[in-house]
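Input: a single structure, listed below in structure tokens.
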Amino acid sequence: MNRLLHGDWMRRLRTAALGGATLGLLAFTSPATAATPTTSMLEGVLTSSGGSAAADGDYDITFSIYDAQTGGTKVWSEGPVKVKVAGGRFAHALGSSTAIDAAKLAAAKGQWLALKVGSDPELPAQSLHSAVFALHAGSADKLTCDGCVAGDQIANGSIAAAKMGFNYAGSATKGGPASDLACSGCVDVSEMKFDGDVDLGGNSFKAKNGVFSGSVTAAEFVGDGSKLTGLKTPAGECKNAGEVVKGINTDGTLKCVAALDPTALPKDGLNEISNELISNQFVDTIDGQSDVAIPDNTGADANSTLDFPDIGVSQDFELTVEVTNTDFSTVALTVLPPDDKKTGWTLCDPCGEKDSKSYKKTFNSSNLPKSGDLKKWIGENPKGLWNLKALDTSYCITQIPGNAAICDTKTDGKIVKWSIKIQTLSNKKIAINGDSYQSGTTYAKNVDISGSLTVKGTKWYGFFPEGSRPILYGKLIDHTENNWTYQPKYQYAHNLSVTNNSAIHQATPEIVWADASGNIDFGIGGDNYGNGNNESTRQMFVLFIKNPTAGNVTQQVCYRWSANPWAGGNYASLALNGSNLWSTTSNNLSSQCTNVTYPAGKSSVLVLKTGAYMWTTWNGYWSKSVIGFYNNSFNFSSNKLEWDYDRYNEWLANK
């Protein structure tokens, strides 16, 4: 056994913890008949930074081989391994811990060995020399033995055609194609095998029969295909009702889908299929608490909240704030989203120049806050409680011009207002951009009417959504027949019974709608109103109000009226549960307020009646007919009165 020391490997290497290492690489070789070595011995010397031998002991060393001196790819590595050092000297068999892939090592474009001692930086890599290649026994290029290599030791395809000592059958050159094969039937079909595609170029493939186990692809089929056999042609119809054929499956069966595939419609596609008449995309703006005072340098934040409803997923997100203070160079604004009540977003800190007194800004995907990510809410539902906090860290000096109007001894400015605006892809509502007509019945849990609602017909069967303000309406125009004392049959307010819905139904064949606070104005005719000779006009409003409490509840009701008692008894009156609360016989058009006390634990009927008379043959006399409520007479937010929808539905059914 020979021990080879390669002088080219004697190099001085430096590290941070140790002075360096002197290396020598050795390999153990043996006769050709022995097994190929699998390790390569490395010997070296570790020195301290002063140049003396490193202290005796065990060191953790990592050995790596790269394909380049610097910036190369690691081909092999082992370690860290414990290596014993005595008198500065050490020895280690490379490959003893992690086997060296000799073929991979030989295939590398270069071989560079690097050492790393403990946690110190890796030492510069040094080039390997021929000793290590003794591991690659397959490189015996000058093998001169006769018969010492068996056929099963030669890899398939490893001998090039130029190395062959004979020609292929039918070939004029070694390894050449059988271009000069001139025999007929000299090659048996069983000897033929195609390992790849056969390219005939521009030539045709002619055969009596063709059998293909895979697919056949052609740019064009010639003929009508009538003589083709074994083809699976689709037939029949879709099995389920309402389905259509979308295509043909690979097995020849029909591929059927619903006539309108819901998954093919984008979530925001309502406007596209409705000619822009229906949409589920909305822009909603929700306001936070306004006019929230900012403590003047107390260490406490001003805190304004905004409760964003569940209205859908945000497609665009925008936040706007407006704040006042005497010095925005010492003011910080922070927003806490529903999912973050500790850190939040810093909108600004500081929020302006010294002595600047107003701050108004809109934040969105192109105008971001100082910290925080507004973009994360794109595609998310921003529902929940939001907080805007303002912190003032300096005292207001009222002597500075303009400050006294903003601050006092306790506060300095305020959060004037703030809002969040989102474009929503809603799963809660749709918008109809045109008129809606239907011949059937509408059913809904809730209906929000922001404008007017007109009901046509003598009766309207439907529903009274929570928050709506339906009012029963009656109108009567009678001919007086030149008789001032003629009394037409008409239900007066004080004659309507609490329980007699039939009488109410006869007097009020229509429904009109007030706003959310019960305000409504009706006026028939202009200043020179007249229905014709000797006619009398009367109007009536009927309301059902419920008091569910154990005590009486008093609410002020303000109303408009007109009256002309000269003929036909056209008085104006307000009645509750069949008893007049107020009436007048004066000849005028006016308005006033009356306190109405609703009895405890029951439903009440409130009736307002007005009347005007017109007799054109008497000096062209005229009068206007007016009826209505104003001053939020039926806003029940401050008490527990309720709109009695059950009574209205009973009226609808004429019970």
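The values are calculated or read from the model by the stated rules, or taken from the named source; none is laboratory data. Fair warning: this is a prediction, and the values are worked out from it, not measured in the lab. Reconstructed Cβ throughout: ideal geometry from the backbone, glycine too, with neighbour counts over all protein chains shown. Note: accessible area is taken over every heavy atom of the protein model, side chains too, but ligands, DNA and RNA are not part of it. Shrake-Rupley method; radii C 1.70, N 1.55, O 1.52, S 1.80 Å.
Here's how it looks for GLY628: its modeled amide H is under 5 Å from those of PHE522, ARG560, which are all 5 or more places away or on a different chain. Of the solvent-accessible surface of the stretch 253-317, computed with a 1.4 Å probe over protein heavy atoms with every protein chain present, carbon and sulfur atoms account for 53 percent. Distant-in-sequence amide contacts of ASP316, defined by a placed amide H-H separation under 5 Å and a gap of 5 or more residues or a different chain, comprise GLN423.
Other residues lying with their Cβ under 10 Å from the Cβ of VAL331 contribute a combined charge of -4, Lys and Arg counting +1, Asp and Glu -1. The trypsin sites (Lys or Arg not before Pro) of the stretch 273-358 meeting both criteria, a DSSP state outside H, G, I, E and B (loop) and at most 14 other C-beta atoms within 10 angstrom of the site's C-beta, are LYS341, LYS342, LYS354.
Each part gets one Cα centre, and for the stretch 74-118 versus the stretch 351-406 those centres are 62 Å apart. If R0 is taken as 30 Å, the Cβ-Cβ distance between LYS475 and ASN635 corresponds to a FRET efficiency of 0.70. Taking only the Cα atoms of the stretch 60-115, the ratio Rg/Rh comes out at 1.01, with Rh defined as the Kirkwood radius.
Per residue, the accessible area of the stretch 284-402 comes to 48 Å², computed with a 1.4 Å probe over protein heavy atoms only.
Residue separation of PHE205 and ASP521 scaled by 0.36 nm, minus their Cα-Cα distance, works out to 104.5 nm of gained length. Taking amide H as placed 1.01 Å from N in the peptide plane, the amide H of ILE294 sits under 5 Å from that of ASP412, GLY413, LYS414, ILE415, each at least 5 places away or on another chain.
Which of the peptides 86-99, 408-421 is most tightly packed, and how do the rest follow, judged by the mean count of other Cβ atoms within 10 Å per residue? Spell out each step's value before the answer.
Values: 86-99: 15.6, 408-421: 18.8.
Listed from highest to lowest mean packing, they are 408-421, 86-99.
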